[in-house]
Amino acid sequence: MNPTIIIQARTGSTRLPSKMIKHFYEDKSVLDILLDRLNSNKEYLSISDIIVATSEKKEDDKIHEIASRHGVKVYRGSENDVLDRFIAAAEHYGVEKIIRICADNVFLDLESLRFLSIVFSEVVYDYVSFKTSSGKPSILTHYGFWTEGVRLSALKKAYAMTAEKIYHEHVTNYIYNTPDKFRILLFPIDDMVKGIEARTNIRLTLDTKDDFELQQQLFMELQEKGLQNSPKTIIEYIDTCHPEFYIRMQDNINANTK
């Protein structure tokens, strides 16, 4: 059985409220764009289904509306206990193998996602993702290109083993922080994008107003020039047309530790 994507999305961001539903390109939000990309490549990505997991708060009705408009399933649960929300969403829809995606990763690398989905469908590991040469999981970097695969059984095990708030807010961090308790498989990010690890000033995760504005401009220019939304193309374009972006990215990396 191919894995199912579960996208976490809510409007209640501390640093940039409503970033999920703000117009990002033309009349589309970042969630619209991500769902467009995933839906149009669903078969190629070897994905079984797509679920948006949001909160029960009224403010997140808009998230529900966007997901429904794109024809994907929705689950609504705890706003702050995201681990519980993921477990409940997976149980509700009968999912064991989950590809977890953050809705604000508009530059998500679909080739790496496809690779991860195929590998995860064939192996018996609890957690499958990517890493830097130091062993740091890619989810803790600022690149914004990669995602992670996790079993429902591993999430339930993590839930049972810790009540610490930090591990319930971030879904998978207990798993990769206690590798002796879980079966973990991580692939080098340089295998996915050659030379990427040397580029330590790249930040395409979206947390702040400046992140939003920089990425909005970058996405618009890539679209208008008909350029592929891939890490290699994105980096080459910034190198050539907007090297000044790296200064802003580095400032945001310094200000927003992971």
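The values are calculated or read from the model by the stated rules, or taken from the named source; none is laboratory data. Computed from a predicted structure; not experimentally measured. FYI the Cβ positions are ideal-geometry reconstructions off the backbone, even for glycines, and counts take in every protein chain you see.
Data for the structure
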item: Complete set of residues in segment 1-18 that are hydroxyl-bearing (S, T, Y) and assigned to a loop (DSSP other than H, G, I, E, B); result: T11, S13, T14, S18
item: Selection count, segment 96-146, where residues are in contact with a strand residue (DSSP E or B) (Cβ under 8 Å, 6 or more places away or on another chain), more than 22 Å from L31 (Cα to Cα), part of a loop (DSSP other than H, G, I, E, B) and not acidic (D, E); result: 5
item: Search result, residues across segment 211-235 that are assigned to a helix (DSSP H, G or I) and either of a type in the set (G, A, S) or in contact with a strand residue (DSSP E or B) (Cβ under 8 Å, 6 or more places away or on another chain) (or both); result: Q216, F219, M220, Q223
item: Which listed residue is touching a residue at least 24 places away in the same chain (Cβ under 8 Å), touching a Phe, Trp or Tyr at 6+ places or on another chain (Cβ under 6 Å), among the polar types (S, T, N, Q) and more than 16 Å from R151 (Cβ to Cβ), from S112, S133; result: S112
item: Residue that is touching a helix residue (DSSP H, G or I) at 6+ places or on another chain (Cβ under 9 Å), within 27 Å of S153 (Cβ to Cβ) and in contact (Cβ under 8 Å) with a residue 24 or more places away in the chain, where the choices are I66, I87; result: I87
item: Residue among D61, D84, D27, D32 that alone is charged (D, E, K, R), touching a Phe, Trp or Tyr at 6+ places or on another chain (Cβ under 9 Å) and farther than 30 Å from E164 by Cβ; result: D32
item: Matching entry among S129, S153, S133 (being modelled with pLDDT of 95 or more, among the small types (G, A, S) and crowded, with 16+ Cβ neighbours inside 10 Å); result: S129
item: Subset of segment 19-42 (residues that are touching a residue at least 12 places away in the same chain (Cβ under 8 Å) and either in a loop (DSSP other than H, G, I, E, B) or acidic (D, E) (or both)); result: K19, M20, I21, K22, F24, S29, D32, D36, N41
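Quick grid of which residues meet (1) in contact with a Lys or Arg (Cβ under 8 Å, 6 or more places away or on another chain); (2) among the polar types (S, T, N, Q):
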position	(1), (2)
N177	no, yes
I184	no, no
F187	yes, no
M192	no, no
E224	no, no
I234	no, no
C241	no, no
